[in-house]
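Got a structure here, written out as C-alpha coordinates. Questions coming.
The values are calculated or read from the model by the stated rules, or taken from the named source; none is laboratory data. Not measured: the values here are computed from a predicted model. Cβ sites come from the backbone with ideal geometry, for glycine too, and all protein chains shown count toward neighbours. Note: areas computed on protein heavy atoms with side chains; ligands, DNA, RNA excluded. Shrake-Rupley method; radii C 1.70, N 1.55, O 1.52, S 1.80 Å.
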Amino acid sequence: MPSRKPVPAILPWLVALSAAAPVLIVAAIAATRFGGVDIGLAYDLLTWTVARILAWLGLAAALAAAVLALRDLKGRGLYAVVALGLAGATVGGFQWQAARLDVETPRDVTSNPAEPPAFTRAASIHRGATPAGPDACPAVRSVPTQVLAQQAASALVDAGFPVVRAATFEVEGVHEGAWFGFAHDAVVRIRPGRTDIRVAARDRTRPDGGATCRLADKLATALEANAR
(Lines give C-alpha, C1' and ligand atoms only; values in the text may rest on other atoms or scores of the structure.)
Protein backbone atom coordinates (compact mmCIF):
# COMPACT_ATOMS: atom_id res chain seq x y z
CA MET A 1 0.00 0.00 0.00
CA PRO A 2 1.30 3.48 -0.80
CA SER A 3 2.15 5.43 2.33
CA ARG A 4 0.04 8.46 3.11
CA LYS A 5 1.74 11.73 2.37
CA PRO A 6 2.57 13.79 5.45
CA VAL A 7 0.42 16.84 6.13
CA PRO A 8 2.35 20.00 5.23
CA ALA A 9 3.16 22.05 8.30
CA ILE A 10 1.56 25.10 6.72
CA LEU A 11 -1.85 23.47 6.30
CA PRO A 12 -3.04 23.85 9.92
CA TRP A 13 -1.86 27.47 9.81
CA LEU A 14 -3.95 28.10 6.70
CA VAL A 15 -6.99 26.70 8.51
CA ALA A 16 -6.21 28.91 11.51
CA LEU A 17 -6.01 31.96 9.27
CA SER A 18 -9.40 31.12 7.75
CA ALA A 19 -10.83 31.07 11.29
CA ALA A 20 -9.17 34.32 12.41
CA ALA A 21 -11.98 36.64 11.25
CA PRO A 22 -14.89 34.83 12.97
CA VAL A 23 -12.82 34.46 16.14
CA LEU A 24 -12.09 38.19 16.14
CA ILE A 25 -15.78 38.99 15.57
CA VAL A 26 -16.81 36.83 18.53
CA ALA A 27 -14.12 38.48 20.66
CA ALA A 28 -15.32 41.96 19.61
CA ILE A 29 -18.92 41.08 20.50
CA ALA A 30 -17.88 39.69 23.88
CA ALA A 31 -15.73 42.75 24.57
CA THR A 32 -18.67 45.04 23.80
CA ARG A 33 -21.29 43.11 25.71
CA PHE A 34 -19.28 42.08 28.74
CA GLY A 35 -16.10 44.15 28.75
CA GLY A 36 -17.44 47.64 28.24
CA VAL A 37 -15.35 48.21 25.12
CA ASP A 38 -16.44 51.20 23.05
CA ILE A 39 -18.67 50.31 20.10
CA GLY A 40 -16.49 52.38 17.79
CA LEU A 41 -13.51 50.15 18.56
CA ALA A 42 -15.32 46.80 18.61
CA TYR A 43 -17.78 47.32 15.76
CA ASP A 44 -16.25 49.90 13.44
CA LEU A 45 -12.57 49.02 13.78
CA LEU A 46 -12.24 45.39 14.89
CA THR A 47 -15.26 43.99 13.02
CA TRP A 48 -15.82 46.09 9.91
CA THR A 49 -12.16 46.94 9.26
CA VAL A 50 -9.79 44.36 10.73
CA ALA A 51 -12.05 41.29 10.63
CA ARG A 52 -13.28 42.14 7.15
CA ILE A 53 -9.70 42.24 5.85
CA LEU A 54 -8.93 39.00 7.70
CA ALA A 55 -11.99 37.40 6.09
CA TRP A 56 -10.57 37.93 2.60
CA LEU A 57 -7.11 36.79 3.70
CA GLY A 58 -8.78 33.74 5.21
CA LEU A 59 -10.50 33.00 1.92
CA ALA A 60 -7.15 33.16 0.12
CA ALA A 61 -5.70 30.84 2.76
CA ALA A 62 -8.62 28.45 2.32
CA LEU A 63 -8.06 28.33 -1.43
CA ALA A 64 -4.40 27.59 -0.83
CA ALA A 65 -5.40 24.81 1.56
CA ALA A 66 -7.70 23.39 -1.11
CA VAL A 67 -4.84 23.34 -3.65
CA LEU A 68 -2.59 21.49 -1.18
CA ALA A 69 -5.39 19.06 -0.38
CA LEU A 70 -5.72 18.05 -4.03
CA ARG A 71 -2.48 16.09 -3.70
CA ASP A 72 -3.91 13.89 -0.95
CA LEU A 73 -7.68 14.29 -0.50
CA LYS A 74 -7.94 11.48 2.01
CA GLY A 75 -5.29 12.85 4.33
CA ARG A 76 -5.74 16.59 3.76
CA GLY A 77 -9.30 16.99 2.51
CA LEU A 78 -10.78 17.73 5.94
CA TYR A 79 -8.43 20.69 6.37
CA ALA A 80 -9.61 22.14 3.08
CA VAL A 81 -13.30 21.57 3.86
CA VAL A 82 -13.02 23.28 7.25
CA ALA A 83 -11.03 26.19 5.86
CA LEU A 84 -13.35 26.74 2.90
CA GLY A 85 -16.44 26.46 5.09
CA LEU A 86 -15.18 29.00 7.63
CA ALA A 87 -13.81 31.47 5.11
CA GLY A 88 -16.74 31.18 2.71
CA ALA A 89 -19.32 31.68 5.45
CA THR A 90 -17.45 34.69 6.86
CA VAL A 91 -16.93 36.46 3.54
CA GLY A 92 -20.50 35.66 2.50
CA GLY A 93 -21.83 37.03 5.78
CA PHE A 94 -19.90 40.26 5.36
CA GLN A 95 -21.10 40.68 1.78
CA TRP A 96 -24.72 40.00 2.72
CA GLN A 97 -24.70 42.40 5.65
CA ALA A 98 -22.87 45.07 3.64
CA ALA A 99 -25.56 44.91 0.96
CA ARG A 100 -28.26 45.43 3.61
CA LEU A 101 -26.41 48.34 5.20
CA ASP A 102 -25.98 50.03 1.82
CA VAL A 103 -29.77 50.48 1.58
CA GLU A 104 -30.92 53.68 3.27
CA THR A 105 -33.65 52.84 5.77
CA PRO A 106 -35.34 55.02 8.43
CA ARG A 107 -34.11 54.70 11.99
CA ASP A 108 -37.12 56.38 13.60
CA VAL A 109 -40.59 55.22 12.49
CA THR A 110 -44.15 55.66 13.67
CA SER A 111 -47.62 54.56 12.67
CA ASN A 112 -48.86 58.15 13.04
CA PRO A 113 -46.41 60.66 11.48
CA ALA A 114 -48.99 63.45 11.74
CA GLU A 115 -48.98 63.13 15.52
CA PRO A 116 -46.20 60.75 16.55
CA PRO A 117 -46.09 59.29 20.04
CA ALA A 118 -43.47 60.98 22.20
CA PHE A 119 -40.86 59.28 24.33
CA THR A 120 -40.82 60.12 28.01
CA ARG A 121 -38.10 57.85 29.38
CA ALA A 122 -35.80 58.48 26.39
CA ALA A 123 -36.96 62.02 25.59
CA SER A 124 -33.48 63.54 25.72
CA ILE A 125 -32.13 60.99 23.25
CA HIS A 126 -34.79 61.53 20.60
CA ARG A 127 -35.61 65.20 21.18
CA GLY A 128 -36.17 67.04 17.90
CA ALA A 129 -36.27 63.89 15.77
CA THR A 130 -38.91 63.56 13.07
CA PRO A 131 -40.02 59.96 12.64
CA ALA A 132 -40.90 58.47 9.26
CA GLY A 133 -44.29 56.94 8.63
CA PRO A 134 -45.69 53.93 6.77
CA ASP A 135 -44.65 55.43 3.42
CA ALA A 136 -40.99 54.85 4.33
CA CYS A 137 -41.61 51.79 6.48
CA PRO A 138 -44.76 49.88 5.49
CA ALA A 139 -44.28 47.51 8.42
CA VAL A 140 -45.11 50.18 11.00
CA ARG A 141 -48.85 50.31 11.55
CA SER A 142 -51.44 51.23 14.14
CA VAL A 143 -53.98 48.92 15.74
CA PRO A 144 -57.54 50.19 15.09
CA THR A 145 -58.68 49.66 18.66
CA GLN A 146 -57.96 50.86 22.18
CA VAL A 147 -55.85 48.16 23.77
CA LEU A 148 -55.30 47.78 27.49
CA ALA A 149 -52.04 48.95 29.02
CA GLN A 150 -51.38 45.36 30.10
CA GLN A 151 -51.81 44.22 26.49
CA ALA A 152 -49.41 46.90 25.29
CA ALA A 153 -46.83 45.86 27.89
CA SER A 154 -47.21 42.21 26.92
CA ALA A 155 -46.78 43.07 23.23
CA LEU A 156 -43.60 45.02 23.96
CA VAL A 157 -42.13 42.10 25.87
CA ASP A 158 -43.17 39.64 23.15
CA ALA A 159 -41.41 41.83 20.56
CA GLY A 160 -38.20 41.92 22.61
CA PHE A 161 -38.69 45.29 24.34
CA PRO A 162 -38.51 44.91 28.14
CA VAL A 163 -40.84 47.52 29.65
CA VAL A 164 -39.12 50.53 31.24
CA ARG A 165 -42.16 52.74 31.80
CA ALA A 166 -45.85 51.98 32.02
CA ALA A 167 -48.77 54.39 32.38
CA THR A 168 -52.48 54.04 31.73
CA PHE A 169 -52.30 55.19 28.12
CA GLU A 170 -48.62 54.85 27.28
CA VAL A 171 -46.03 52.10 27.65
CA GLU A 172 -42.35 52.23 26.72
CA GLY A 173 -39.69 49.56 26.24
CA VAL A 174 -36.07 49.19 25.18
CA HIS A 175 -34.66 46.53 22.85
CA GLU A 176 -30.96 45.66 22.87
CA GLY A 177 -29.46 43.85 19.90
CA ALA A 178 -28.09 40.39 20.61
CA TRP A 179 -24.73 41.04 18.97
CA PHE A 180 -23.34 44.48 19.74
CA GLY A 181 -26.20 45.71 21.88
CA PHE A 182 -27.49 48.47 19.59
CA ALA A 183 -30.52 49.87 21.40
CA HIS A 184 -33.96 50.77 20.07
CA ASP A 185 -36.64 52.57 22.06
CA ALA A 186 -40.33 51.85 21.54
CA VAL A 187 -43.48 53.53 22.78
CA VAL A 188 -47.08 52.37 22.50
CA ARG A 189 -49.68 55.13 22.79
CA ILE A 190 -53.25 54.14 23.58
CA ARG A 191 -56.21 56.27 22.54
CA PRO A 192 -59.93 55.61 21.99
CA GLY A 193 -60.29 53.60 18.81
CA ARG A 194 -56.58 53.58 17.95
CA THR A 195 -53.24 52.45 19.32
CA ASP A 196 -50.09 53.89 17.75
CA ILE A 197 -46.47 52.83 17.99
CA ARG A 198 -43.09 54.38 17.49
CA VAL A 199 -39.69 52.67 17.29
CA ALA A 200 -36.43 54.62 17.15
CA ALA A 201 -32.77 53.62 17.08
CA ARG A 202 -30.56 55.34 19.59
CA ASP A 203 -27.63 55.21 17.19
CA ARG A 204 -28.38 57.61 14.31
CA THR A 205 -24.88 57.60 12.83
CA ARG A 206 -24.72 54.03 11.56
CA PRO A 207 -27.07 52.39 9.04
CA ASP A 208 -29.13 49.64 10.61
CA GLY A 209 -29.99 47.53 7.58
CA GLY A 210 -33.71 47.88 8.21
CA ALA A 211 -33.56 46.72 11.84
CA THR A 212 -35.84 49.55 13.02
CA CYS A 213 -38.57 48.59 10.57
CA ARG A 214 -38.24 44.91 11.41
CA LEU A 215 -38.63 45.67 15.10
CA ALA A 216 -41.64 47.88 14.36
CA ASP A 217 -43.19 45.00 12.44
CA LYS A 218 -42.61 42.63 15.37
CA LEU A 219 -44.19 45.11 17.77
CA ALA A 220 -47.21 45.76 15.54
CA THR A 221 -47.71 42.02 15.04
CA ALA A 222 -47.51 41.39 18.77
CA LEU A 223 -49.98 44.20 19.45
CA GLU A 224 -52.44 42.80 16.91
CA ALA A 225 -52.17 39.36 18.51
CA ASN A 226 -52.68 40.71 22.04
CA ALA A 227 -55.60 42.91 20.98
CA ARG A 228 -57.71 39.97 19.78
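Check Thr130 against each of (1) of a type outside the set (Gly, Ala, Ser); (2) farther than 21 Å from Val174 by Cα; (3) modelled with pLDDT under 95; (4) not in a helix (DSSP H, G or I) and name the one condition it does not meet.
For Thr130, the exception is condition (2).
Can I ask one more? Which count do you get for residues in region 45-104 that are open to solvent by 30 Å² or more (accessible area, probe 1.4 Å), over 22 Å from Phe180 (Cα atoms) and part of a helix (DSSP H, G or I)?
So the count comes out to 17.
Could you give me the residue pairs with C-beta distances under 9 Å whose first residue belongs to region 155-177 and is farther than 20 Å from Arg202 by Cα and without any contact (Cβ under 8 Å) to a residue 24 or more places away in the chain, whose second residue is part of a strand (DSSP E or B) and open to solvent by 10 Å² or more (accessible area, probe 1.4 Å) wherever it lies, and which are 6+ apart or on separate chains?
Between residues of region 155-177 that are farther than 20 Å from Arg202 by Cα and without any contact (Cβ under 8 Å) to a residue 24 or more places away in the chain and residues that are part of a strand (DSSP E or B) and open to solvent by 10 Å² or more (accessible area, probe 1.4 Å), the close pairs are Phe169/Arg189; Phe169/Arg191.
Also: When region 150-161 is examined, which residues are found to be closer than 30 Å to Trp48 by Cβ and open to solvent by less than 20 Å² (accessible area, probe 1.4 Å)?
Ala159, Phe161 - these are the residues of region 150-161 that are closer than 30 Å to Trp48 by Cβ and open to solvent by less than 20 Å² (accessible area, probe 1.4 Å).
What is the number of the single condition among (1) modelled with pLDDT of 95 or more; (2) polar (S, T, N, Q); (3) part of a helix (DSSP H, G or I) that Thr195 does not meet?
(3)
In region 162-179, which residue that is surrounded by 16 or more Cβ atoms within 10 Å (Cβ to Cβ) and in contact with a helix residue (DSSP H, G or I) (Cβ under 7 Å, 6 or more places away or on another chain) is nearest to Phe34 (Cα to Cα)?
His175
Okay, residues lined up against (1) farther than 22 Å from Ala132 by Cβ; (2) in a loop (DSSP other than H, G, I, E, B); (3) not aromatic (Phe, Trp, Tyr):
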{"residue": "Ala153", "(1), (2), (3)": "yes, no, yes"}
{"residue": "Leu156", "(1), (2), (3)": "no, no, yes"}
{"residue": "His175", "(1), (2), (3)": "no, no, yes"}
{"residue": "Ala178", "(1), (2), (3)": "yes, yes, yes"}
{"residue": "Arg189", "(1), (2), (3)": "no, no, yes"}
{"residue": "Thr205", "(1), (2), (3)": "no, yes, yes"}
{"residue": "Gly209", "(1), (2), (3)": "no, yes, yes"}
{"residue": "Thr212", "(1), (2), (3)": "no, no, yes"}
{"residue": "Leu223", "(1), (2), (3)": "no, no, yes"}
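For (1) touching a residue at least 40 places away in the same chain (Cβ under 8 Å); (2) touching a helix residue (DSSP H, G or I) at 6+ places or on another chain (Cβ under 6 Å), each residue gets a yes or a no:
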| position | (1), (2) |
| --- | --- |
| Val50 | no, no |
| Trp56 | no, no |
| Ala61 | yes, yes |
| Ala66 | no, yes |
| Leu86 | yes, yes |
| Ala98 | no, no |
| Asn112 | yes, no |
| Ala118 | yes, no |
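Can you tell me which residue in region 180-219 is surrounded by the fewest Cβ atoms within 10 Å (Cβ to Cβ), limited to those that are aliphatic (A, V, I, L, M) and more than 19 Å from the chain's Cα centre (by Cα)?
That would be Ile190.
Is it the case that Ala30 is among the small types (Gly, Ala, Ser), surrounded by 14 or more Cβ atoms within 10 Å (Cβ to Cβ) and assigned to a helix (DSSP H, G or I)?
Spelling it out, it is not the case that Ala30 is among the small types (Gly, Ala, Ser), surrounded by 14 or more Cβ atoms within 10 Å (Cβ to Cβ) and assigned to a helix (DSSP H, G or I).
If a residue must be farther than 18 Å from Pro207 by Cβ and either in contact (Cβ under 8 Å) with a residue 12 or more places away in the chain or open to solvent by 50 Å² or more (accessible area, probe 1.4 Å) (or both), how many such residues does region 33-44 contain?
6
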